[in-house]
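Report on one structure; see the data block that follows.
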Amino acid sequence: MYTSKPHQEHELGRLHQHMLDTRLAVLVSQGDQGLLATHLPVLVDITEGEFGTVYAHLARANRQWQDLAQGSEALLVFPGADAYVSPSYYPSKADNPKVVPTWNYLAVHAYGPAEVIHEAEPLLAIVSRLTDRHEHGRSEPWKVTDAPADYIEGMLRAIVGIRLPIARLQGARKLSQNRSAQDIAGVRDGLAASPDQLDNQLAAHMRQP
């Protein structure tokens, strides 16, 4: 991922928090079947390994897992808030009209060799932990054990698990850091006043230290 120096994010805690906050990531791999990508919910364990470990599962019918089983490096893309930045947000435009639109955004890329899991017990652990994560906070959370055991056994045979120990991380936090403090404030205020909720989300990130 190309990111200019002012917009690079290296703080591990912030990178991990971004990953934990992302509900749906994109798994990208290159193998015998060419370039493949799958959108999938992920479970990030920041306590496992130097940079953390990601767990997920794919449909067995999704042949991407066959390329992953060869051990080549895979990429997980964790997208974040993003917003179009209009030149009209810059107070400095009044004195210097040489400005153009840009895009602010947050993203984390995690790289590592993916391991494919076929065994029922670890597969059950992955889907149970994912379910518990997304059912948390509901008044009556659903659990995997609520479904008949033989049904779950059949569903597990239809998927493969993915374990990706993260070997390296890249973070982008493009929040107009290359502009003056006055222009940064103009962008933040402009996005905060927008009727678009995604713009508002990006503005909220710009208010964080």
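The values are calculated or read from the model by the stated rules, or taken from the named source; none is laboratory data. For clarity, every value in this text was computed on a predicted model and none was experimentally measured. Heads up, the Cβs are rebuilt from the backbone with ideal geometry, glycines too, and the neighbour counts pull from every protein chain shown. SASA here: full protein model, heavy atoms, side chains in, ligands and nucleic acids out. Shrake-Rupley method; radii C 1.70, N 1.55, O 1.52, S 1.80 Å.
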- Item | Distance between segment 133-159 and segment 2-78 - C-alpha centres, whole angstrom | 24
- Task: Compute the accessible area per residue over the chain, keeping the other protein chains in place, probe 1.4 Å, unit Å².
- Result: 56
- Query: Which of the lysines could a cross-linker bridge to LYS5, judged by Cα under 16 Å and excluding same-chain residues fewer than eight apart?
  - Reply: LYS174
- Would you mind computing Rg(Cα) / (2.2 N^0.38 Å) for the chain, counting N as its residues? 1.22
- Just how many % of Cα pairs in segment 87-209 lie over 17 Å apart, if you round to the nearest whole percent? 71
- Task: For a label point 7 Å from the Cα of LEU12 along Cα→C-beta, name the residues of segment 40-71 whose backbone N is under 19 Å from it.
- Result: 44-55
- Item | Environment charge of HIS10, counting only residues whose C-beta is closer than 15 Å and scoring Lys/Arg +1, Asp/Glu -1 | +2
